[in-house]
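Colleague: Structure in C-alpha cells, see below.
Rule-based calculations on the coordinates, nothing more; no lab input. Everything numeric here is computed off the predicted structure, so don't read it as measured data.
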Amino acid sequence: MAYHTPVMLNKCIEALQLEAGGVYADVTFGGGGHSRLIMQNKEIKHLYAFDQDKEALDNTIDDERFTLVQQNFKYLKNYLSLYKAIPVDGILADLGVSSHQFDEAVRGFSTRFSGPLDMRMDASKGQSAADLVKTIDLQPLTDILRNYGELRNAYKSAQAIIAYRNENEIVTTEDLKKSLQTCAPRGKENKYFAQVFQAIRIEVNQELEVLKTMLQHSLDSLKPGGRLVVMSYHSLEDRLVKNFIKSGNFEGKIEKDFFGRALVPFKMISRKPILANEDELARNPRARSAKLRIAEKL
Ligand SMILES: C[S@@+](CC[C@H](N)C(=O)[O-])C[C@H]1O[C@@H](n2cnc3c(N)ncnc32)[C@H](O)[C@@H]1O
C-alpha cells in the first residue's frame, strides 16, 4: 500500500515559488511526496525536511542537497539554526497524520482497525492514548472531547469512559469504542468515533501547541519575501494558521503602530483557503478536508 498520496501536490510547490540557490524546509516529510517534487528542481540549494515519526525515515531522499531530521517541528528554528540555514526561502507544512499512520493498526490512530491505543506520532516519546485515558480526570477529558472533537455530548462521553475504565481496562481501540457504545448517536457512529479519536490524538500529540510554536518559528526563520505554505485538515488548525497569517498572533487581533498603521508580519497570498479540485477529490478522499493557505513574509 502507498505510504501517503500527497494532497494538492503541484499547488503547494507552486506556492513556494522555488528559486535558484534557495533553501527550503518541509516540516512534515511523511512519504516525501512534496519533498520529492521540490528536489526535482535542480536549482535549489538545499531542502531540510522534518518528521517526528521514525517510520518516515525509510522514505528519505538520496541527494546531498537533502537533509531529513527526525524531530518534532516545534524545534524548527533550533535545527535550521544548527544547520546554519536561516533565513530560509520557504516553509511547507502538510499537517496531521499520514495515510500510513492511519492504515497501520498497531499505531492505534484508526477507528477502523483493532489495535493498541497508542496514537503517538513519535512512538518513543510522551504518553500514549491508553495512558491518557487511564488517568485523566472527568473535566479535562470533557474539555478535550468538546474542544478538539467538537462532540455535542462531551460530558456524557467522558463520564462513560471513566465509568467503563473503573471496571475494565481500556488498552485497545476496540476498548475505547466499547466504552462509548451508549453515547454514539445511532446511524452516526462512524462520525462520532472519528471525532473522539481526533480529539484524543490532538491531545496526545499536543498538535495545536506544537503548531503554534512552529508557526512562530517559521516567522523567525523566513527571509523577507519568503513563503509560508500550510495545509490543514480541521478547523481548529486552520483557524490558528489563518489568524497567525493575518495578524502574527493566534487571536487574529491586528495591532497598530503609533500612526495607526497595521503591524502585520505577512502578506496574504490567498485571502480564502485553497481547496482541492473535483478531479483530485475523486482520486483522493483525504483531500476533502484540506485547506491550503499561503503567505509571504513582509
Ligand atoms: C500529512 S503527512 C505529510 C505527507 C507528506 N506531505 C507527503 O507528501 O507524503 C504528515 C506527516 O507529518 C508528521 N508530523 C505531524 N506533526 C509533526 C510534528 N509536530 N513534528 C514533526 N512531524 C510531524 C507526521 O508524522 C506525518 O508523517
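Colleague: Just for the chain, what percent of DSSP beta bridges are antiparallel, to the closest 5?
Modeller: Antiparallel bridges: around 45 percent, rounded to the nearest 5.
Colleague: Using the scaling law 2.2 N^0.38 Å as the reference, what is the normalised Cα Rg of region 1-140?
Modeller: 1.17
Colleague: Let me ask something else. Compute the Kirkwood hydrodynamic radius of region 197-298, taking the inverse of the mean of 1/r over all pairs of distinct Cα atoms, and give it in Å to one decimal.
Modeller: Averaging 1/r across every pair of different Cα atoms and inverting gives 14.8 Å.
Colleague: To continue, here is another question. Just to confirm the number: angle between the C-alpha axis of helix 154-167 and the first principal axis of the chain, 0 to 90 degrees, nearest 10?
Modeller: Taking Cα atoms only, the helix is inclined about 60 degrees.
Colleague: Mind jotting down the distance between the C-alpha centroids of region 1-52 and region 184-248, whole Å?
Modeller: Distance between centres, Cα-based: 20 Å.
Colleague: Oh, and also: For the chain, just run the numbers: alpha carbon Rg, then divide by 2.2 N^0.38 Å, N being how many residues it has.
Modeller: 1.04
Colleague: In the calculated pair distance distribution of region 141-273, what percentage of Cα-Cα distances lie above 23 Å?
Modeller: In whole percent, the share of Cα-Cα pairs in region 141-273 beyond 23 Å is 48.
Colleague: Could you state the per residue volume, in Å³, of the convex hull enclosing the Cα atoms of region 28-70?
Modeller: Per-residue hull volume (Cα only) is 56 Å³.
Colleague: Can I ask one more? Working out 0.36 nm times the residue gap between Val106 and Asn166, then minus their Cα-Cα distance, what length gain in nm do you get to one decimal?
Modeller: 19.1 nm
Colleague: Which three extents, in whole angstrom, do the alpha-carbon atoms of region 62-127 cover along their principal axes, largest first?
Modeller: That works out to 44, 24, 20 Å along the principal axes.
Colleague: Hey, what number do you get for the chain at 222 nm if only DSSP H runs of n ≥ 4 count, each worth -39500 (n - 2.57), divided across all residues, to the nearest 500?
Modeller: Counting only the DSSP helices, I get -11000 deg cm²/dmol.
Colleague: Report the percentage of all Cα-Cα pairs in region 1-59 whose separation exceeds 13 Å, rounded to a whole percent.
Modeller: Counting every Cα pair in region 1-59, those more than 13 Å apart make up 60 percent.
Colleague: In whole Å, how far is the Cα centre of region 252-296 from that of region 128-156?
Modeller: 30 Å
Colleague: Determine Rg/Rh for region 258-298; Rg is computed over alpha-carbon atoms and Rh is the Kirkwood hydrodynamic estimate from the same atoms.
Modeller: Expressed as Rg/Rh, it is 1.25.
Colleague: What do the square roots of 5 times the Cα gyration tensor eigenvalues come to for region 130-169, in whole Å, largest first, as semi-axes of the equivalent ellipsoid?
Modeller: Output for region 130-169: semi-axes of 17, 10, 7 Å.
Colleague: Starting from the Cα-Cα distance between Ser235 and Lys156, subtract it from 0.36 nm times their residue separation and give me the gain in nm to one decimal.
Modeller: Value of the extension gain: 26.1 nm.
Colleague: Please report the projected area of region 164-211's Cα convex hull averaged over all directions, in nm².
Modeller: Taking the Cα atoms of region 164-211, their convex hull projects to 4.0 nm² on average.
Colleague: Here is a follow-up. What number results when the radius of gyration of region 183-257, computed over Cα atoms, is divided by 2.2 N^0.38 Å?
Modeller: After normalising by residue count via 2.2 N^0.38 Å, the value is 1.42.
Colleague: Okay, moving on. Roughly how tilted is helix 235-247, in degrees to the nearest 10 and between 0 and 90, from the longest Cα axis of the chain?
Modeller: 30 degrees
Colleague: On a 0 to 90° scale, report how tilted helix 138-147 is relative to the longest principal axis of the chain, with both axes built from alpha carbons and the result rounded to the nearest 10.
Modeller: In the chain, helix 138-147 runs at an angle near 50 degrees to the longest axis.
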